[in-house]
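What follows is a short report on a single structure.
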Amino acid sequence: MIFRSSRVCLRPLSSDCNFEIGGKVIEFVSSYSHLWHVITDSLDDGAGISKRQGHFIRQVNSVLCDFRQLPSIVNYRLLSSYCNRVYGSELWQLSNAKLVNFGITWRKSVRKIWNLPNTVRCICSHYCVVTTFP
């Protein structure tokens, strides 16, 4: 993968420029997934965040489908241990707008686990309030 800098103008690669390993031509790609982290040539984490968000949603739905009848505390512990594995998230840029969507998805799943209405909003990490909307 060739990373392009916004500050440096690289000449476009011609079709005759090939890299080989063991006689096999290496394919040019714009993104590559490695250990659940998507690396792109533009160094944007959005694709990786979206991929992990989709995987998180599938895991939460699996827990809710199989264990809905259990108490909420058990489901929350399952969520914490089974669904919160976000390997490689330490590499994500905190300024990426896709992180907001990931946070919304996480909060929605916690509300589902605890059977809370959608009007519950967190004001900080320790207190939640219930508001009503017209």
Worksheet item: Residues in the stretch 16-31: is at least one at pLDDT below 75 and out of contact with any Cys (no Cβ under 6 Å at 6 or more places or on another chain)?
Response: yes
Worksheet item: Under the condition of being among the hydroxyl-bearing types (S, T, Y) and within 15 Å of the chain's Cα centre (by Cα), which residue from the stretch 33-63 is modelled with the highest pLDDT?
Response: S50
Discussion item. Yes or no: the stretch 44-65 includes at least one residue that is of a type outside the set (S, T, Y), surrounded by fewer than 12 Cβ atoms within 10 Å (Cβ to Cβ) and in a loop (DSSP other than H, G, I, E, B).
Written reply: no
Worksheet item: Among the candidates V38, V74, V86, which residue alone is surrounded by 14 or more Cβ atoms within 10 Å (Cβ to Cβ) and farther than 18 Å from W106 by Cβ?
Response: V38
Discussion item. Checking S80 against (1) at pLDDT 90 or above; (2) within 30 Å of N115 (Cβ to Cβ): exactly one of these is not met. Which one?
Written reply: (1)
Discussion item. I need a count of the residues in the stretch 47-67 that are charged (D, E, K, R), under 13 Å from S109 (Cβ atoms) and touching a helix residue (DSSP H, G or I) at 6+ places or on another chain (Cβ under 8 Å).
Written reply: 0
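The values are calculated or read from the model by the stated rules, or taken from the named source; none is laboratory data. A quick note: this is a predicted structure, and the numbers were derived from the prediction, not measured. Heads up, the Cβs are rebuilt from the backbone with ideal geometry, glycines too, and the neighbour counts pull from every protein chain shown.
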